[in-house]
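Following: one structure in structure tokens, then a few remarks.
Please treat every number below as a calculation from the coordinates, not as lab data. Source: prediction; values computed, not measured. Backbone-built Cβ (ideal geometry, glycine too); neighbour counts: all protein chains shown.
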């Protein structure tokens, strides 16, 4: 099957791997999940998240796990992923089974056609490799393609904010200028060449696999966002996109500020039990 075929998704494999991720979420990352009921129980949805963790974007797995545990395996979630996953035949095969699709509007529309959820991280490499000092900042990088998609298809956006995940390693330098100097986008489709501190290597490239630190992580689903007064014909209007972009970015940043207020490095922030739902019991 091609890399953007929604039929490749394997619910049985996802349920099996979900047990492993649930154990890691509960005992290693001490995952907290908030607001998963904000995700509509049926129909197409665009999940928009802040990206963290570099080559180990565990927030994506946590998001999919939370929805699986709340709605069951039939509530399909597909994540749009970087092209490098689909260049190797073996990786491409398993990516499809896990619900990972080649990033693009065509892939998303195929998911919407079967009433599925699409998970995107607009900030991509600029967000996931933001410097450690900016770990509590949402970086959507000015990219508005997700809004064009949502407005054109008439699909609600559910913002998904993750806190703590960026403490898995320490990004010292994102490497924007170096990437431009070496024309990294042409040969690696990346805007950055990051320098990080990570286990077990110490000082290394951000593109080297690493062992994540056991940081307490919280995933928060926010109420759906829609713009009923904006029709598909205005989905590419710069002023319309800029206004909607600011709205999405603002609500996500406000929630990240809330989640990180008083947060302690790796240990997380105190949260009242009635405010969260543990993913292991969702």
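Please compute, over every Cα-Cα pair in region 107-256, the percentage with a separation greater than 20 angstrom.
57
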- Task: Give me the distance between the Cα centres of region 44-91 and region 194-267, rounded to whole Å.
- Result: 14
- Note on the structure: Note on the chain, DSSP bridge orientation, antiparallel percent to nearest 5 equals 45
- Message: Give me 135, 174 sorted ascending by neighbouring Cβ count inside 10 Å, so fewest comes first.
- Response: 135, 174
- Query: Could you give the length gained on full extension between residue 234 and residue 28, defined as 0.36 nm per residue of separation minus the Cα-Cα distance, in nm?
  - Reply: 69.6 nm
- Query: So what is the calculated 222 nm ellipticity per residue for the chain, using -39500 (n - 2.57) for each DSSP H run with n of 4 or more, over all residues, to the nearest 500 deg cm²/dmol?
  - Reply: -10000 deg cm²/dmol
- Query: Got a sec? Which residues in region 195-215 would a label at residue 182 touch, if it sits 7 Å along Cα→Cβ and we count backbone N under 19 Å?
  - Reply: 195-198, 201-210
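Using a 10 Å cut-off around each Cβ, can you sort 265, 94, 121, 210 from fewest to most neighbouring Cβ atoms?
Lowest count first: 265, 94, 210, 121.
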- Which residue fluctuates the most in the chain, going by a Gaussian network model with Cα springs under 10 Å, if the choices are 142, 229, 268? 229
- Task: Let me see the pair-distance distribution of the chain: every alpha carbon pair, 10 Å bin width, integer percents in order.
- Result: 7, 29, 38, 23, 3, 0
- Rough spin-label spacing in nm, given labels placed 7 Å along Cα→Cβ, for residue 257 and residue 12: 4.9
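Quick one: divide the alpha-carbon radius of gyration of region 192-243 by 2.2 N^0.38 Å and tell me what you get. Write down the numbers at each step before the final one.
Numbers: Rg = 20.3 Å, N = 52, 2.2 N^0.38 = 9.9 Å.
Rounded to two decimals, the normalised Rg is 2.05.
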- Message: Run the simple label-point estimate for residue 226 and residue 5 please: 7 Å along Cα→C-beta, distance reported in nm.
- Response: 3.4
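Using alpha carbon coordinates only, what is the Rg to Rh ratio of region 1-148, with Rh defined as the Kirkwood radius?
Numbers: Rg = 14.8 Å, Rh = 15.8 Å.
Expressed as Rg/Rh, it is 0.94.
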- Task: Once you have the Cα-Cα distance between residue 94 and residue 133, take 0.36 nm times their residue separation minus that, and quote the gain in nm to one decimal.
- Result: 10.6 nm
- For the pair residue 207 and residue 189, the simple spin-label estimate (label points 7 Å beyond Cα toward Cβ) gives in nm 1.3
- Neighbour-count ranking for 167, 59, 19, 249 (other C-beta within 10 angstrom, fewest to most) reads 19, 249, 167, 59
